[in-house]
């Protein structure tokens, strides 16, 4: 058995865990960072505090590397689609 067979299952567990954590959260800060050297690499993170226990939490929700640099409108569209889906 190859480890790549476990990746979809682990990814789904992590998404479910994040959704469960966010159920009781009223406000979320979305952080976006990018670099455009030879291509485009960008990361999207969310920061929030769980109300009951005041535990500051930061989670990486998306990391992507592309072969070409995105223009402003392309980047905005990509970010919105990532946030809407994930």
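What to note about this one:
- When the Gaussian network model of the chain links Cα atoms closer than 10 Å, the mean-square fluctuations of 59, 34, 13 top out at 13.
- Mean-square fluctuations from a GNM of the chain, with a 10 angstrom spring cutoff on Cα atoms, peak among 50, 12, 58 at 12.
- Where labels lie 7 Å past Cα in the beta-carbon direction, separation of residue 41 and residue 26 in nm: 3.8 nm
- Distance (nanometres) between label positions extended 7 Å along Cα→Cβ at residue 80 and residue 34: 1.4 nm
- For the chain, calculated [θ]222 nm from helices alone, where every DSSP H run of n ≥ 4 adds -39500 (n - 2.57): -11500 deg cm²/dmol
- Protection-proxy order for peptides 18-25, 42-49, each taking the mean of Cβ atoms within 10 Å per residue, highest first: 42-49, 18-25
- Relative contact order for the chain, counting Cα pairs under 8 Å that sit 6 or more residues apart, in percent: 22 percent
- Evaluated over the Cα positions of the chain, the convex hull gives a direction-averaged projected area, one quarter of its surface, of 7.3 nm².
Only the coordinates and a few stated rules stand behind these numbers; no lab work does. Because the structure is predicted, anything quoted here is derived from the model rather than measured. FYI the Cβ positions are ideal-geometry reconstructions off the backbone, even for glycines, and counts take in every protein chain you see.
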